[in-house]
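Reading through the structure tokens given below for one structure.
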Amino acid sequence: MQDFDQLHRYLFSEAQVRGEMVRLQESYNAILSAQSYPSEVQVLLGELMAATSLLTATLKFEGDISLQLQSQGPLKYAVINGTDEQKLRGVARWEEGTEFGDFLSMCKDGILVITISPEKGERYQGIVKLEKPSLAECVEDYFAQSEQLATRILLGTEINPTQPFAWGMLVQALPGDESDKEAFERIAYLTETMNTHEAKVLEAQDLLYRLYHQEKVELFEPQEVEFKCSCSKERSAAALSGVDEQELLDIVAEEGSVTMNCQYCHAVYSFDAIDVKAIKSGTYGQNSSTVN
Ligand SMILES: [Zn+2]
């Protein structure tokens, strides 16, 4: 059994370069099982998931990152959210019955919106036009624009109905005057020799040795990655608290309850008239009979 659904961080101790590798299987499968996505959308979600995990690992604080694609092409919208604890969730919308084509046709006139939301502090948003032929290169553009750090990213997937697999690698020059351009280029070049087959069959240690045996690499303890939705009945109730009470009661009268569907995990939360009154009076959740 491979050590999938883990994020590995490593450091090239003599080159002022850091690296990350993520491999996803269970967590990827969980996101795909929410809807019957066309294979092109599955591939894109896998790449977006791996990219989000890699970017989340660059966070130096508690919070989350979302990577969102919006386009005028067949892929309308795709988003993955990731927390600093590597809990990922995501969803995509697409146009039925159209040819997807390559990445740029699928995401025609598209943008990548990267939102970083620290638990404490200001939210940061970066927007990159999708102009490069792959998602990996578009994410590199983001780093060039926002952090001005030389970064190489590789993303790959294998679509298989029972065991889909996605992986990603990132190597990045460390900030500061000491960054060694030549060393970064050499390591980036070695990283580019990675492929999906090797990502799938080799242990993390063996993979790093295969790629970088001439370098000094320090590998840190891996971090678990999992699919986890942050929705809850209480959060849905909080979202309803801004809606007019009579409007909610009218829905209850017509349909029996107000229901909220989570777009990420398809959980359904329903609220009756007693719940609505409790939500509006600010006492929802204080009485055990109103929870679930
Ligand atoms: Zn959910």
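Structure summary
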read-out: Any hit, segment 114-137, residues being in contact (Cβ under 8 Å) with a residue 60 or more places away in the chain, within 15 Å of the chain's Cα centre (by Cα) and not in a loop (DSSP other than H, G, I, E, B); value: yes
read-out: Any hit, segment 241-256, residues being over 23 Å from the mean Cα position of the chain (by Cα) and under 29 Å from Asn29 (Cα atoms); value: no
read-out: Any chance Leu149 is under 27 Å from His197 (Cα atoms) and either in contact with a strand residue (DSSP E or B) (Cβ under 9 Å, 6 or more places away or on another chain) or surrounded by fewer than 20 Cβ atoms within 10 Å (Cβ to Cβ) (or both); value: no
read-out: Single residue of segment 82-112 satisfying the filter (closer than 19 Å to Leu55 by Cα and not in a strand (DSSP E or B)) that is farthest from the ligand (Cβ to nearest atom); value: Asp84
read-out: Residue within segment 181-204 that is modelled with pLDDT of 90 or more and within 16 Å of the ligand (Cβ to nearest atom) present; value: no
read-out: Given (1) within 16 Å of the ligand (Cβ to nearest atom); (2) at pLDDT 90 or above; (3) among the polar types (S, T, N, Q), number of the condition Gln263 does not satisfy; value: (2)
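The values are calculated or read from the model by the stated rules, or taken from the named source; none is laboratory data. The structure displayed is predicted, hence computed values, not measured ones. No Cβ is skipped: glycine too gets one built from the backbone with ideal geometry, and neighbour counts run over all protein chains shown.
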